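Dumping the structure here so I can ask a few things about it.
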Amino acid sequence: QRIFDTFPTQNRAVTQSDYENVAYRMPGKFGSIKRCSTQKDPDSLKRNLNMYVISQDSFNKLIHTNMTIKNNLKTWLNQYRMVNDTIDILDPYIINLGIEFVATTLSPAHPDEVLESAKEVLMAFYQDSFFIGESLHISDIYSELKKVPEILDVKNVKIINKTGNRYSNVQFAVNKNLSPDGSSLLCPKNAIFELKFPEVDIKGKIR
């Protein structure tokens with residue numbers, strides 16, 4: 001997809017997507033970023049762009065991109081940017097989440113075994129990180145859990161904000177950021193969701 005998006009630009013960054021493609025193409029020797037999102041600065045009357053970037057540590061957990069990589073990225077982008085464009089490279093807020101669910105089963109299998117299968121399904125579904133500004137679709141959790149053969153029905157799904165200790169300190173009001181129909185948790189454009197420790201951040205009850 002990035003190749004298709006890049007071809008018509010003639011190696012110049014024109015649109016916001018172009019800048020994202022260029023950022024992902026930065027050679028690894030200059031450092032790496034996991035996710036990037038380019039947005040027009042709403043407070044600027046000129047063509048000023050905000051580029052949010054995030055990296056991962058050796059355990060694949062989200063971390064803020066260090067200044068060396070940011071400086072390298074800015075130098076890299078300068079080769080491709082339009083003359084009138086200015087770019088600020090910023091850190092998105094990391095919002096750590098947890099998932100709690102209640103499901104029922106008629107299976108002769110032990111509830112603990114069903115619960116483990118359910119958690120494995122969700123961990124596999126969320127094994128790759130979210131994109132910056134990407135919403136979490138609660139409906140996906142219902143759909144994934146219903147793929148577990150032993151689960152008869154999913155009664156409830158709750159999303160919680162995890163903070164403190166080894167988590168981000170960002171406080172996020174989950175209920176206030178649900179979509180009108182409650183099917184999605186909306187993410188701010190300058191933030192990124194993370195299930196940091198899925199083994200413990202995903203909890204469930206099987207009845």
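Compute the projected area of the convex hull of the Cα atoms of region 28-134, averaged over all viewing directions, and report it in nm² to one decimal place.
Result: 9.8 nm².
How big is Rg to Rh over region 24-74, alpha-carbon atoms, Rh as the Kirkwood inverse-mean-distance radius?
Rg divided by Rh gives 1.03.
Turning to a different aspect of this structure: Taking 0.36 nm per intervening residue step and subtracting the Cα-Cα distance, what contour gain separates ARG207 from SER184 on full extension?
5.8 nm
Report the Stokes-Einstein translational diffusion coefficient (µm² s⁻¹, integer) for region 148-207, Rh taken as the Kirkwood radius over Cα pairs, at 4 °C with viscosity 1.567 mPa s.
My calculation gives 94 µm²/s for D.
Moving on to the next point. Under the rule of -39500 (n - 2.57) per DSSP H run of 4 or more residues, summed and divided by the residues of the chain, what mean residue ellipticity at 222 nm is obtained, to the nearest 500 deg cm²/dmol?
The helix-only estimate for the chain comes to -7000 deg cm²/dmol at 222 nm.
What is the dipole size for the chain, taken about its Cα centre, with +1 at each Lys and Arg Cβ and -1 at each Asp and Glu Cβ, in debye to the nearest 20?
With only Lys, Arg, Asp and Glu charged at Cβ, the dipole is about 600 debye.
Give me the angle, in degrees from 0 to 90, between the Cα long axis of helix 67-78 and the longest principal axis of the Cα atoms of the chain, rounded to the nearest 10.
Between the helix axis and the principal axis of the chain, the angle is about 60 degrees.
Next question, about the same structure. Just how many % of Cα pairs in the chain lie over 20 Å apart, if you round to the nearest whole percent?
Above the 20 Å cut-off, the chain has 63 percent of its Cα pairs.
On to the next question. If you count the DSSP beta bridges with both ends in the chain, what percent of them are antiparallel, to the nearest 5?
60
None of the figures in this text is laboratory data; all of them are computed from the coordinates on show. Just so it is clear, the model here is predicted, and its values are computed rather than measured. Virtual Cβ from ideal backbone geometry, glycine too; neighbours counted across all protein chains shown.
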